[in-house]
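Note sheet for the following structure.
The values are calculated or read from the model by the stated rules, or taken from the named source; none is laboratory data. All values reported here derive from a predicted model rather than from experimental measurement. Here Cβ is always computed from backbone atoms with ideal geometry, including for glycine, and neighbour counts include all displayed protein chains.
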Amino acid sequence: MKTVLTVVGLLAFSIPYACQGLSPRVIAISLLILLFSYLMLLPSLKPLIATLADNPLLTLLMMYIAASCLWAEQEQTSSMLMVLKFVTFSTFGLYLVTHYTTQGCIRLLVITLSILSVLNLLAVVLVPSFAIHGGVEHTGLWKGISGHKNTLGTLSLLCFVSHVIYFFRGTRKALHVGFVLLNALLLIKCQSTTSLLLTSSLFTFILFILLFKRIRSVALRGFFISSSCLLVLLGLVFAFSYGDAIASEFGKTTTLTGRTEIWQGIAGAIGSHYWFGYGYGSFWANRPSIYANGIRFDLTSSHSGFRDLWIDIGLTGLLATITLVITTLFKFRIGKTDMYTWLTAAVFFLFIVLNNITDSRFLNSLAIYWIIFVVIVIKVQERHRLTVAEKAITTGIQHASITLGTTNRTARKKEPRFPTP
């Protein structure tokens, strides 16, 4: 029953109609999930406190985001409700990491994403007027129950890559092939360029890791890494050199569908609240119009998670988040033990980092992205701490063995020797 309720909670955080906005429906759902998380965490306060203590920067960042309501430039009630939502999905993330192993957390996320992909397809088939974009913008493109083609694309991307990894694991291959094909269909029909590019990049990363793990020779591994880096470098040079031509072939521009113009338009807003931001959710609450190069943009985000963090919680919060990202990436290890679970976690984390460059997937979006971020940061730190402890124990045992061996040799030398009669 606990697992079912957990998946229901993750589904609620993955559907805009259940977690976005401040409607009575969203607040009621948030309160129910917060109550569930509280009841589950209450008997396990010691593990919770230990988790928070082991992740001081993340703990301080969450407290800082919640406290930003004190200087938020919007109506106080709305600000407090925004903080309530943030506390709800952050608490739910803490419940996940204290009650489930890394493998359990990833498994629950994959189950949730798989259910979402089925629901998105059913919505398109059964209620096309609701699940397919109409009107002037994005006409005919699929959005499912995700509310927007780009959101459908990112969730389908995560489901696609996770089932690709589990396919290579070698169990229930037919099931994983089915979900790979289903999410490939969703990715094609939503036509999210960012999602398609990220899918290709992450799929290449998966193949790189799986091939790298099969190479036993140190020399071959070095050649494989250097060749891969060279190919990536050549690809980047080619993209920068012929970016305009490549983009025009796909009906795009190097403004990233107007994103660079939006970023120019919000530069002044960032500068006026440089260090501490406008408070969580405050700037976009009134849906301000942004003007850049004579064009008006009516927005709910800047289409950049890192810039939205800067607007919401200032450079202070942004630097804390970037520090968490960098330290987590350095601590990542995809070893032989449970390799597929950690490979899935690595792909999810890379997606969060890369997608937040051109889309907002930290706080100003579905809560599921922040939950994934929190879960992986904590689980990587947990594994890193255990690895350091194991190395310390192994070093101590080796040191003790060397010391004992030296002592024994010294004792043997000092033993009196009597002449043989």
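The single residue among Ile111, Ile49, Ile27, Ile33 that is surrounded by 18 or more Cβ atoms within 10 Å (Cβ to Cβ) and in a helix (DSSP H, G or I) turns out to be Ile33.
When we screen Arg333, Arg361 for residues that are in a loop (DSSP other than H, G, I, E, B), within 21 Å of His303 (Cβ to Cβ), modelled with pLDDT under 90 and not aliphatic (A, V, I, L, M), the only hit is Arg361.
Residues that are among the hydroxyl-bearing types (Ser, Thr, Tyr), under 19 Å from the mean Cα position of the chain (by Cα) and either exposed (fewer than 13 other Cβ atoms within 10 Å of the Cβ) or in a helix (DSSP H, G or I) (or both) do occur in the range 204-226, at least one of them.
Looking only at the range 52-84, filter to residues that are of a type in the set (A, V, I, L, M, F, W, C) and out of contact with any helix residue (DSSP H, G or I) (no Cβ under 9 Å at 6 or more places or on another chain); which one of those is farthest from Arg383 (Cα to Cα)? Here the residue is Trp71. Here the range 67-92 is the region considered, the condition is being small (Gly, Ala, Ser) and over 20 Å from the mean Cα position of the chain (by Cα), and the residue that is nearest to Arg25 (Cα to Cα) is Ser78.
Being among the β-branched types (Val, Ile, Thr) and modelled with pLDDT of 85 or more is the filter here; which residues of the range 251-308 pass it? Ile270 - this is the single residue of the range 251-308 that is among the β-branched types (Val, Ile, Thr) and modelled with pLDDT of 85 or more.
Taken over the range 62-89, the criterion of being in a helix (DSSP H, G or I) and touching a Phe, Trp or Tyr at 6+ places or on another chain (Cβ under 7 Å) is satisfied by Ile65, Ala66, Ser68, Cys69, Trp71, Met82, Val83, Phe86, Phe89.
Cβ-Cβ contacts under 8 Å between residues 6 or more apart (or on different chains), taken from a first residue in the range 1-23 that is within 10 Å of Ile33 (Cβ to Cβ) and in contact (Cβ under 8 Å) with a residue 40 or more places away in the chain to a second residue that is assigned to a loop (DSSP other than H, G, I, E, B) and of a type outside the set (Ser, Thr, Tyr), are listed as Phe13/Leu366; Cys19/Phe13; Cys19/Leu366.
If you go through the range 31-51 and keep only what is closer than 22 Å to Glu382 by Cβ, touching a residue at least 40 places away in the same chain (Cβ under 8 Å) and among the hydrophobic types (A, V, I, L, M, F, W, C), you end up with Met40, Leu41, Leu48.
When Thr77, Thr91 are checked against the criterion of being surrounded by fewer than 16 Cβ atoms within 10 Å (Cβ to Cβ), farther than 20 Å from Thr316 by Cα and polar (S, T, N, Q), Thr77 stands alone in meeting it. Could you give me the residue pairs with C-beta distances under 9 Å whose first residue belongs to the range 124-142 and is more than 16 Å from Leu185 (Cβ to Cβ) and hydroxyl-bearing (Ser, Thr, Tyr), whose second residue is outside any loop (DSSP other than H, G, I, E, B) and at pLDDT 90 or above wherever it lies, and which are 6+ apart or on separate chains? Going by the 9 Å Cβ cut-off, the qualifying pairs are Thr139/Ile132.
Has the range 374-388 got at least one residue that is of a type outside the set (Ser, Thr, Tyr), closer than 19 Å to Leu198 by Cβ and either in contact (Cβ under 8 Å) with a residue 40 or more places away in the chain or surrounded by fewer than 16 Cβ atoms within 10 Å (Cβ to Cβ) (or both)? Yes, the range 374-388 contains a residue that is of a type outside the set (Ser, Thr, Tyr), closer than 19 Å to Leu198 by Cβ and either in contact (Cβ under 8 Å) with a residue 40 or more places away in the chain or surrounded by fewer than 16 Cβ atoms within 10 Å (Cβ to Cβ) (or both).
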